[in-house]
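Worksheet: the structure to be examined is printed underneath.
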Amino acid sequence: MDVMSTTDLSHLAEDLVSDGFVGHEAAVRQAVRAARMAGVSAVLTGVLADPQEPVVARLRAFGMVAAALANATPHTSLHVAA
């Protein structure tokens with residue numbers, strides 16, 4: 001399933017704050033898929049998806065992706081600037 005609720009996003013945010021990305025890559029991939037389906041910036045989703053990117057960059061990308069997804073309505077294409 002590629003849809004993430006705001007509750008799912010909030011839980012993932014809490015997990016990332018407390019644990020970092022280790023152990024949460026599956027949920028991050030789910031967020032990336034949902035964001036890509038919603039039309040969120042390819043740059044943001046690419047940074048979030050790439051474990052080689054600096055953690056701070058991935059966290060910032062997650063915040064922007066999560067905000068875009070939380071504000072998305074079905075069938076809305078989002079073009080969030082990176």
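What the table shows:
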item: The range 4-41, subset among the aliphatic types (A, V, I, L, M) and loosely packed, with under 13 Cβ neighbours inside 10 Å, residue farthest from Asn71 (Cα to Cα); result: Val22
item: Residue list for the range 42-82, restricted to those being modelled with pLDDT of 95 or more and in a loop (DSSP other than H, G, I, E, B); result: Asp50, Pro51, Gln52, Glu53, Pro54
item: Number of positions in the range 11-41 that are assigned to a helix (DSSP H, G or I), without any contact (Cβ under 8 Å) to a residue 24 or more places away in the chain and over 11 Å from the mean Cα position of the chain (by Cα); result: 7
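The values are calculated or read from the model by the stated rules, or taken from the named source; none is laboratory data. Remember, predicted model here, so these are calculated numbers, not experimental data. Here Cβ is always computed from backbone atoms with ideal geometry, including for glycine, and neighbour counts include all displayed protein chains.
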